[in-house]
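For reference, the structure is listed below as structure tokens.
Computed from the coordinates by the stated procedures, all read-outs in this text should not be read as laboratory data. Since the model is a prediction, treat every value here as computed from it, not as a measurement. Don't worry about glycine lacking a Cβ; one is built from the backbone with ideal geometry, like all the others, and counts go over all protein chains shown.
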């Protein structure tokens with residue numbers, strides 16, 4: 001092997017390493033304590049997301065379910081779904097609340113564990129809590145750990161909403177990760193349910209998740225988000241629709 005050939009091979013190897021590093025470099029986020037989060041500001045961010053996401057083009061549809069996504073405003077893909085149902089609004093609120101509220105530890109599936117880390121009542125129509133969601137992956141995959149604070153309110157009889165985002169500590173005390181897990185980030189997001197007419201409701205969710213760990217923005221946006229997170233959200237929306245329609249049957 002000539003010196004020139006060796007130099008070309010070494011250069012090619014370095015290029016491959018550099019590209020791999022670029023693709024898998026995780027995004028950086030500041031650590032957030034619960035006390036730093038402004039509840040009203042988080043709701044304002046959520047409402048702005050709802051308005052902006054109305055212009056996103058539909059990508060997946062299934063009867064009364066529409067899903068769209070965008071690479072703005074976050075550095076990872078944000079996903080929006082909208083569900084229209086004919087159902088009692090209190091049943092809609094109970095279902096949406098149950099997706100996020102976790103009063104006792106539960107194992108939703110073989111690979112998902114959820115538990116409550118913090119809970120506080122802030123009035124007759126508002127509530128807040130911190131839930132940990134762990135996605136367990138068999139080796140050689142990496143477990144994922146999300147710690148998210150939820151601010152719930154029902155400002156009027158026809159509206160229910162939950163603003164949420166990741167949090168790292170409570171009153172200065174860090175929340176340790178689940179053993180063997182990499183923490184993933186949930187950017188500021190919102191769930192909103194509205195009674196559009198007697199017996200009819202619309203539910204909208206906008207959420208943006210960054211897996212972090214060894215997965216960077218490029219891989220997340222064009223692979224993980226498209227082939228996992230977007231499908232996960234779509235399945236969640238369809239299951240909601242089917243469950244609420246089933247209650248009416």
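Observations
- Some residue of the range 194-211 being in contact with a strand residue (DSSP E or B) (Cβ under 9 Å, 6 or more places away or on another chain), assigned to a loop (DSSP other than H, G, I, E, B) and touching a residue at least 24 places away in the same chain (Cβ under 8 Å): yes
- Number of residues in the range 48-63 that are loosely packed, with under 14 Cβ neighbours inside 10 Å and over 20 Å from residue 240 (Cα atoms) equals 4.
- Among residues of the range 22-63, those that are over 23 Å from residue 161 (Cβ atoms), touching a strand residue (DSSP E or B) at 6+ places or on another chain (Cβ under 9 Å), without any contact (Cβ under 8 Å) to a residue 24 or more places away in the chain and not in a strand (DSSP E or B), counted: 1
- Qualifying residue in the range 64-71 (condition: assigned to a helix (DSSP H, G or I) and more than 21 Å from residue 246 (Cβ to Cβ)): no
- Odd one out for residue 185 among (1) exposed (fewer than 15 other Cβ atoms within 10 Å of the Cβ); (2) under 20 Å from residue 36 (Cβ atoms); (3) within 16 Å of the chain's Cα centre (by Cα): (1)
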